[in-house]
Amino acid sequence: MSDLNRAWVRVCPIDHIPTDKAIDLNINGQRLIIARCGDEARIFQGFCSHMLFPLGGSRIEECIMTCNLHRSKFDVRDGSVVEWSTFPPLIGPALAAIRERKALRRYETRVTDGNVYVLWPTTNPETVRVRV
Ligand code: FES
């Protein structure tokens, strides 16, 4: 998609995002999360790529987010997998070997004047509904 069809949409002040947990974000009905690492904020798909558990409320430590269900870990700088779950206990390790490790889908963000913006597919940012 060309940038002619995308625009920067204001999400929230970066100070509203805690540094120790991901928070729910809804844009035009899409369930997402926003996560902070230092002075940067990133927006990702709202469900874990392991088995689709909601990621809102996931703990973040030193920019690594841990899914609350099976403890897969993701780097909130780029959504990459740091550690892939081996759940359930007996067959999990075998499953993990064949189940593709999948990074979280990331949306392009920037921080300007203390506010987080996301590059969103729209020609009119005023019409995009954002709920944090
Ligand atoms: S659903 Fe997140 S680690 Fe399994």
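Some notes on this structure:
- Dipole size of region 3-124 about its Cα centre, with +1 on Lys/Arg Cβ and -1 on Asp/Glu Cβ: approximately 420 debye, rounded to the nearest 20.
- Distance between the modelled labels on residue 126 and residue 97, one decimal in nanometres: 5.9 nm (7 Å Cα→Cβ projection).
- Residues 16, 70, ranked from the fewest to the most other C-beta atoms within 10 Å, line up as 16, 70.
- The stretch between residue 6 and residue 80 holds 24.2 nm of extra length on full extension. This uses 0.36 nm per residue minus the Cα-Cα distance.
- Taking Lys and Arg as +1 and Asp and Glu as -1, the other residues whose beta-carbon sits under 10 Å from that of residue 33 total +2.
- Annotation for region 85-132: GluC sites (Glu not before Pro) lying in DSSP loop with at most 10 further Cβ atoms inside 10 Å of their Cβ are 100.
- Cα-only Debye scattering, the chain: base-10 log of I(q)/I(0) at q = 0.13 Å⁻¹: -0.54
- Computed over the chain, the per-residue total of -39500 (n - 2.57) for DSSP H runs of n ≥ 4 gives a 222 nm mean residue ellipticity of -1500 deg cm²/dmol, rounded to 500.
- Here the residues 104, 119, ranked from fewest to most Cβ neighbours within 10 Å of their Cβ, fall in the order 119, 104.
Only the coordinates and a few stated rules stand behind these numbers; no lab work does. None of the values given here were measured: they were computed from a predicted structure. Using ideal geometry, Cβ is built from the backbone for each residue, glycine included, and neighbour counts are taken over all protein chains shown.
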